[in-house]
1. From the residues in the stretch A:5-37 that are among the aliphatic types (A, V, I, L, M) and assigned to a helix (DSSP H, G or I), which one is least open to solvent (accessible area, probe 1.4 Å)?
2. Checking the conditions here, which among A:K168, A:K232 is in a helix (DSSP H, G or I), open to solvent by 60 Å² or more (accessible area, probe 1.4 Å) and within 11 Å of the ligand (Cβ to nearest atom)?
3. Residues in the stretch B:322-353 that are away from chain A (no Cβ under 14 Å) and outside any helix (DSSP H, G or I): how many?
4. Does A:D71 satisfy being more than 15 Å from A:E34 (Cα to Cα), more than 12 Å from chain B (Cβ to nearest Cβ) and not in a loop (DSSP other than H, G, I, E, B)?
5. Cβ-Cβ below 9 Å, separation at least six or inter-chain, first residue in the stretch B:131-142 and over 17 Å from A:D156 (Cα atoms), second modelled with pLDDT under 90 and open to solvent by 30 Å² or more (accessible area, probe 1.4 Å): which pairs?
6. For B:K141, state whether it is open to solvent by 20 Å² or more (accessible area, probe 1.4 Å), within 14 Å of chain A (Cβ to nearest Cβ) and modelled with pLDDT of 95 or more.
7. Could you list all residues from the stretch B:103-126 that are more than 14 Å from chain A (Cβ to nearest Cβ) and closer than 28 Å to A:V131 by Cβ?
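The values are calculated or read from the model by the stated rules, or taken from the named source; none is laboratory data. Please read all numbers here as calculations on a predicted model, not as lab measurements. In this analysis, Cβ positions are derived from the backbone assuming ideal geometry, glycine residues included, and neighbour counts consider all displayed protein chains. All accessible areas refer to the heavy atoms of the entire protein, side chains included, with ligands and DNA or RNA removed. Shrake-Rupley method; radii C 1.70, N 1.55, O 1.52, S 1.80 Å.
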Amino acid sequence: MDIDPSKILIRYNVQKEKAQSPEELAAEMFPKAEPARTICAAIFDGEEDDVIEGLEKAIEGGADAIKLIDDVLMVGMKIVTDLYDQGTIFLPNVMMSADAMLEGIEFCKEQGGSAPKPKGKIVCHVAEGDVHDIGKTIVAALLRAAGFEVVDLGRDCPVDEVIAAVKKESPMMLTGTALMTTTMYAFKEVNDRLLESGLKVPFQCGGGAVNQDFVVQYELGVYGEEAADAPKMANAILAGKGLAQLKETFHKH
Amino acid sequence: MVKRYTSMAYKAADDMIFGKSVYPVKAELGLEVGAGYVTAEVNYAPRPEAGVSKEKLVSEYRRLTTDIMARAVQVGFPAVSLETEHVEQMTNNPTWGGEVAHVQKTILEEYHEEYGIKCGLRHTPGDIREDRDLLALIGAKYDTLMESFEAVAEAGADFLSIETMGGKEILDYAILRNDVPGLIYGIGCLGSIDMTMIWSDIRKIADKKGRIAAGDTDCAQANTAMFIAGGLLDKNLAHTLAIIARAISAPRTLAGYEAGAQGPGKDCGYENTIVKSITGCPIAQEGKTSTCAHSDVMGNLVMQCCDLWSNESVEYHAEFGGTSVQCWSESLNYDAAMLNVATETGNAKMLRDILVLSDKYRDPQGYVLAYDNAYKVGQAIVKDGDDLFLRAKNAAISSVDILNAADSKKLVMSKFEINALKDAKASLDAMTDESETFMSDCMEKYKAEVAVFRPDANYKF
Ligand code: B12
């Protein structure tokens with residue numbers, strides 16, 4: 001027994017796929033000049049060795065190692081995350097590109113003998129009692145890929161530790177992930193303890209169990225539907241948006 | 001040394017069917033699993049507020065168990081099985097889990113006595129073997145876990161299960177990087193090593209207490225891959241890679257049977273059809289009637305060879321139709337009744353094939369798990385059944401081959417899925433066939449790349 005499945009199901013992913021391949025689309029976005037073009041292509045391909053080789057050539061050719069970070073590495077990574085946001089490429093590509101870019105940054109720092117100022121610091125954690133950390137890992141990777149410094153507190157993180165980290169690091173933003181209806185209540189406690197200490201840091205919360213209706217119950221909370229919302233919100237904070245505006249942007253109803 | 005499977009339990013894929021297995025198992029209160037009929041397996045989770053004390057938890061489970069049984073007799077169902085997946089407190093405090101099992105079993109006994117309804121009870125302690133960011137598979141937590149198994153077995157749980165996490169530290173890293181050798185190492189090698197250890201011990205407890213060592217699932221890894229892959233429009237992982245992870249999970253779940261499990265396998269093991277083709281042991285499955293817990297892209301197909309039919313999990317609360325456990329157990333039981341009618345009227349294979357065709361072409365994952373293809377994956381596994389690495393690699397290769405051989409007018413894959421498949425194939429082609437080389441290369445690679453990987457402490461290398 002067999003059927004023609006076209007009457008009973010539609011694979012919308014196939015229907016919606018763009019005519020151009022991700023490689024073609026990326027190639028149109030790479031900078032025209034060398035060595036930037038080759039380095040960006042190596043980041044897109046997630047090839048660490050090629051990234052380093054390109055950087056070496058650039059530095060031999062007189063480029064400033066530290067300037068290469070912003071002028072080339074971040075540009076290459078932005079192409080990757082833009083394509084991910086558009087739905088053209090998938091997460092593993094972003095992760096591999098981010099690994100390659102981060103190695104490139106380390107190399108530039110060694111060569112240049114100094115470190116550039118990151119765009120801002122963000123503390124990430126998984127709610128106390130919850131071990132589901134893949135969403136958090138993705139959030140942290142996308143934030144790093146977007147040029148933010150991430151302090152990753154890991155999973156099953158006690159409220160005390162979150163508060164202590166915020167006090168110590170003074171981050172521009174805090175993220176929380178919870179996949180269980182039993183653990184997400186820790187976010188309210190984090191919120192209350194932050195407010196008690198007068199720390200009004202925007203607290204973006206996401207993960208399977210969390211929804212907007214829950215997050216609006218506490219003052220500092222902003223709901224994050226998907227991991228890509230984290231760098232978007234961090235950039236919005238850099239652009240000067242306050243809590244109310246962040247909620248307006250990221251809350252859907 | 002455990003004996004590994006090197007042959008199939010079924011002569012042909014077409015012999016596999018729901019409700020029947022080669023080696024049925026029997027619970028205390030009349031329920032047989034895989035003996036010719038399908039039974040609902042009801043799953044539930046306590047409300048968060050109930051977790052604060054032992055008394056509250058016990059009372060929550062007392063109420064929900066009574067609710068399920070009351071509904072089953074009100075609607076005239078002949079059998080029902082319950083699964084209690086522990087919340088962490090119940091495993092960490094073995095007496096808590098034990099008391100819940102005792103209270104539940106007592107209610108089942110009362111209903112069995114009064115109405116003759118056949119019942120079963122599965123308890124699934126949580127895999128508590130970790131410290132914050134590190135797996136701690138061997139040591140004090142292992143001992144507590146075994147105490148928990150002892151306690152629930154003593155208290156009356158018929159079926160003992162767990163969802164183990166061995167190999168997960170590598171999977172979490174590899175799955176976000178399209179790293180196929182990493183999948184084989186994490187799931188197929190490390191996972192199977194841990195499974196062999198833990199299931200030997202669970203079987204000893206089951207034998208001592210006269211219970212059934214039921215089975216495991218690769219939830220921690222293959223379901224993680226499936227959830228990251230998500231729906232058709234999600235962009236986090238190619239569905240073609242998710243099914244490779246799933247295929248590799250079959251030999252891992254199989255390792256539990258080799259060490260002593262007898263079935264019914266755990267509901268969320270979507271790899272179970274492959275496993276059943278090799279072991280002939282009964283399996284639980286979940287799909288269209290577990291949408292309360294998660295979405296998948298093969299809700300009908302996974303019914304194809306189930307012996308228990310589960311709703312995965314639902315929080316205990318009120319719905320318009322009664323409490324949530326009553327609503328979902330009723331749906332499950334009606335599903336079971338339909339399957340059993342098909343069996344009684346000689347239409348079982350027809351219904352099985354209808355269920356399969358409803359989802360076979362919906363997604364590469366369902367395509368490979370359709371029983372005819374699942375059987376082929378099973379054959380690839382037993383071909384090198386004695387070599388944990390090779391059989392996992394074989395499973396991966398066979399899933400890739402099955403997809404590549406599919407009729408592209410029926411199983412329509414996106415360019416993205418096809419490319420991911422091509423990359424996976426290239427990476428498999430480039431891999432060694434030597435187990436020792438593979439193991440030592442991986443050890444070196446992942447020790448360098450994965451900070452939380454502690455091979456000696458967790459796998460006794
Ligand atoms: C994989 C998995 C596991 C793995 C986790 C592996 C890991 N390293 O994370 C393992 C096997 C360890 C596991 C264990 C358990 N699990 Co589990 N697990 C899952 C499963 C199948 C998938 C979760 C997942 O990884 N999804 C993919 C990731 C990528 O999604 P995500 O985290 O939501 O992240 C996305 C977005 O939400 C967002 N995001 C996440 N965080 C943030 C933050 C910000 C700021 C932003 C902007 C976005 C964002 O970004 C991501 C991508 O866009 C779910 C099923 C389900 N329906 O979700 C159950 C599930 C979460 N588990 C569940 C349970 C019950 C358990 C256990 C208790 C089982 C047991 N009895 O042992 C234990 C938990 C132990 C504990 N104390 O935590 C239940 C929770 C029920 C509840 N109470 O709410 C679920 C829902 C299954 C079910 N239906 O019953 N589990």
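1. Of the residues in the stretch A:5-37, the ones among the aliphatic types (A, V, I, L, M) are A:8-10, A:14, A:19, A:25-27, A:29, A:33, A:36.
Narrowing further to those that are assigned to a helix (DSSP H, G or I): A:14, A:25-27, A:29, A:36.
On the way: A:V14: 41, A:L25: 26, A:A26: 0, A:A27: 38, A:M29: 72, A:A36: 19 Å².
Per the criteria, the residue is A:A26.
2. Details: A:K168 fails: within 11 Å of the ligand (Cβ to nearest atom).
Checking each option against the conditions leaves just A:K232.
3. Going through the stretch B:322-353 one residue at a time, the tally reaches 4.
4. Details: more than 15 Å from A:E34 (Cα to Cα): no; more than 12 Å from chain B (Cβ to nearest Cβ): yes; not in a loop (DSSP other than H, G, I, E, B): yes.
So A:D71 does not fit the description; no.
5. Every condition considered, the pairs that remain are B:I138/B:K460.
6. Numbers: open to solvent by 20 Å² or more (accessible area, probe 1.4 Å): yes; within 14 Å of chain A (Cβ to nearest Cβ): yes; modelled with pLDDT of 95 or more: yes.
Yes.
7. Our first condition is that a residue be more than 14 Å from chain A (Cβ to nearest Cβ); within the stretch B:103-126, this holds for B:103-125.
Scanning the stretch B:103-126 gives B:V103, B:Q104, B:L121, B:R122, B:H123, B:T124, B:P125.
A quick yes/no check of all residues on (1) open to solvent by 40 Å² or more (accessible area, probe 1.4 Å); (2) part of a helix (DSSP H, G or I); (3) at pLDDT below 95; (4) within 16 Å of the ligand (Cβ to nearest atom):
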site: A:I59; (1), (2), (3), (4): yes, yes, yes, no
site: A:V75; (1), (2), (3), (4): yes, yes, yes, no
site: A:P92; (1), (2), (3), (4): no, yes, yes, yes
site: A:M95; (1), (2), (3), (4): no, yes, yes, yes
site: A:Q111; (1), (2), (3), (4): yes, yes, yes, no
site: A:K119; (1), (2), (3), (4): yes, no, yes, no
site: A:G135; (1), (2), (3), (4): no, yes, yes, yes
site: A:I138; (1), (2), (3), (4): no, yes, yes, yes
